[in-house]
Every structure is written in structure tokens, then in C-alpha cells.
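Quick notes on the structure that follows.
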Amino acid sequence: MFSKSLCIFLLFLSFTTYAQQANPALFKSYSKKEIKEISANNPEDIAVLNYALEHAVSYIEVPNGKDFPSKQLKSLKNTTRFTDYGIQIKEQTQYFTFPNTNKIMAVKSMYHLRLEMKNSK
């Protein structure tokens, strides 16, 4: 009986140690409380957010004079990480413009990132 309980305990311990850890860069966009909630409610989303650090952002050139629905950020940075702008991944793709440029930054949706991550395995 004791050895059976010990085996169950060790199995549980191995699952909790295997759990995905949040990359420290995520704390630029998410609070510790938010990361903790995501880990508790949707632990697989931590892996998606870690994946998103290198895969969520793309830049698009828009022809002059063409309107594009987006939010404006203060300045264009030399980065491909959404966390460097303090942006959180949402359920829909987000678009951002920058003053005095024709560049748009697209930040992929959580749905898109989940599919992309699943298909890359």
C-alpha cells in the first residue's frame, strides 16, 4: 500500500515538474498574477506564449494613402517580440501602426499561434 502511494506521489511530482515554465520575457507584458492564472487555468497556453515570443510578430508595408484599421504605437523598435511593446496576445490578430512610417506590425492571435505550434510538431 505504501509503495503504491509513493508511486502515485512520484508520478504526480513528475507531472508538476514537467509543467511548462513561463519565459521571463513574458513578464514585460503579463503580471505575475496573470501568468499564474494562465498556468492554473490553461497550462498549455504558457507553451503557446513562449512560442509566441519568436513567432507572433510580423511587419507589413502598406502602400501610402491606404487606410488600415489599427492602433498606433509610439515608435518602431528593432524587435520581433510583442513583449518589447508591452502587448498581450489576444484571441484575435492585432495590428499596430507607427508614426511617420508605412509599416504595420501584426501580432498573431492565440488561435493562430496554437494552430501554428500544433502543425510545427
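Considering the range 76-95 alone, what residues qualify as being without any contact (Cβ under 8 Å) to a residue 12 or more places away in the chain and either over 24 Å from P63 (Cα atoms) or among the hydrophobic types (A, V, I, L, M, F, W, C) (or both)?
Answer for the range 76-95, where residues must be without any contact (Cβ under 8 Å) to a residue 12 or more places away in the chain and either over 24 Å from P63 (Cα atoms) or among the hydrophobic types (A, V, I, L, M, F, W, C) (or both): there is none.
Would you please list the contacts, defined by Cβ atoms under 7 Å and residues six or more apart or on different chains, that run from a residue in the range 96-111 that is closer than 19 Å to V48 by Cβ to a residue that is small (G, A, S)?
From residues that are closer than 19 Å to V48 by Cβ, the pairs are A106/S58; V107/A56; K108/A56.
Which of (1) within 17 Å of M110 (Cα to Cα); (2) free of Cβ contacts under 8 Å to residues at least 12 places away in the same chain is the odd one out, the single condition S58 does not satisfy?
(2)
Kindly provide the set of residues from the range 49-107 that are under 17 Å from the mean Cα position of the chain (by Cα) and of a type in the set (F, W, Y), ordered by number. Spell out how you get there, then give the answer.
We begin by selecting, within the range 49-107, every residue under 17 Å from the mean Cα position of the chain (by Cα); these are 49-59, 79-96, 105-107.
The answer is Y51, Y59, F82, Y85, Y95, F96.
I'm trying to understand the selection: among the residues of the range 1-39, which are part of a helix (DSSP H, G or I), at pLDDT below 95 and of a type outside the set (S, T, Y)?
F2, K4, L6, C7, I8, F9, L10, L11, F12, L13, F15
Which ones in the range 65-115 are farther than 21 Å from I46 by Cβ and part of a strand (DSSP E or B)?
K71, Q72, Y95, F96, T97, K103, I104, M105, A106
The values are calculated or read from the model by the stated rules, or taken from the named source; none is laboratory data. Everything numeric here is computed off the predicted structure, so don't read it as measured data. Every residue, glycine as well, gets a Cβ built from its backbone with ideal geometry; the counts of neighbours run over all protein chains shown.
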